[in-house]
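What follows is a set of notes on a single structure, which appears directly below.
The values are calculated or read from the model by the stated rules, or taken from the named source; none is laboratory data. This is a predicted model, so every value here is computed, not measured. No Cβ is skipped: glycine too gets one built from the backbone with ideal geometry, and neighbour counts run over all protein chains shown. With ligands, DNA and RNA removed, areas are computed over all heavy atoms of the protein, side chains included. Shrake-Rupley method; radii C 1.70, N 1.55, O 1.52, S 1.80 Å.
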Amino acid sequence: SLDVSLQTAASDTSLSEWEFLLPLGQAGITGHALSNIFARHARNDEERNYALDLAGLPGQALSGMLTGYIDRLVRADDHWGVVDWKSNYLGPRYADYSRPAMWRCAAGQHYLLQIHLYLVALRRYLRLHNSGLQAVSGSLLFLRGVLPETNQGVLEIAPPKALLDDLDGLFGSATS
């Protein structure tokens, strides 16, 4: 994990709205393929259940180019991460933004998949520039639940390197 404050994460505006392009490969990407990768690297029941949810995504292979914007890139020493701002309303109290509640929302809306794809795109960019730097984690900031000077409202996702390697490989056939 990056272990940086929100002030640090938001201090360099040049790292905002970072556009990326990610080729989907010749064979395309399916929910089943994603599910298999996430299941292989699941470390707990939450992650195993999310892997099963991915199997329910459309069976038709997506191909072409995935494009998007990452809300914020964050750097701490030799490590990089991504931050995605979320405005979801989970309730009126800070307690409504507990880790389990944020996880349920992130899994249900596939924000978890989104953060992983952002990390794959960032890893590819860093590799392309031979930087030797690593993309290690992503954070979903549920803005309505953020409490200053705490981690309240922040769901950090720190996937195993092997999971990111396998996801990167799934996209790899387009660049071979």
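Taking the condition over 17 Å from residue 152 (Cα atoms) and in a helix (DSSP H, G or I), does residue 123 pass?
In short, yes.
Looking at residue 90, is it touching a Gly at 6+ places or on another chain (Cβ under 7 Å), at pLDDT 95 or above and more than 13 Å from residue 111 (Cα to Cα)?
It is true that residue 90 is touching a Gly at 6+ places or on another chain (Cβ under 7 Å), at pLDDT 95 or above and more than 13 Å from residue 111 (Cα to Cα).
Quick one: in region 1-48, which of the residues that are over 28 Å from residue 78 (Cβ atoms) and aliphatic (A, V, I, L, M) is modelled with the lowest pLDDT?
27
Take the residues of region 114-154 that are polar (S, T, N, Q) and free of Cβ contacts under 8 Å to residues at least 12 places away in the same chain: which is surrounded by the most Cβ atoms within 10 Å (Cβ to Cβ)?
So the residue we want is 151.
For the list (1) open to solvent by 40 Å² or more (accessible area, probe 1.4 Å); (2) within 26 Å of residue 169 (Cα to Cα), I need the number of the one condition that residue 41 fails.
Evaluating residue 41 over (1) open to solvent by 40 Å² or more (accessible area, probe 1.4 Å); (2) within 26 Å of residue 169 (Cα to Cα) leaves (1) as the failure.
Find all pairs meeting these conditions: Cβ atoms under 8 angstrom apart; at least six residues apart or on different chains; first residue within region 62-81 and in a strand (DSSP E or B); second residue modelled with pLDDT of 90 or more and of a type in the set (D, E, K, R).
Going by the 8 Å Cβ cut-off, the qualifying pairs are 70/84; 71/84; 72/84.
Report the residue count in region 87-104 for those that are touching a residue at least 24 places away in the same chain (Cβ under 8 Å) and open to solvent by less than 20 Å² (accessible area, probe 1.4 Å).
2
Say we look at region 102-119 and pick out the residues that are over 15 Å from residue 52 (Cβ atoms), in a helix (DSSP H, G or I) and not hydrophobic (A, V, I, L, M, F, W, C); which of these is nearest to the chain's Cα centre (by Cα)?
Top of the filtered list is 116.
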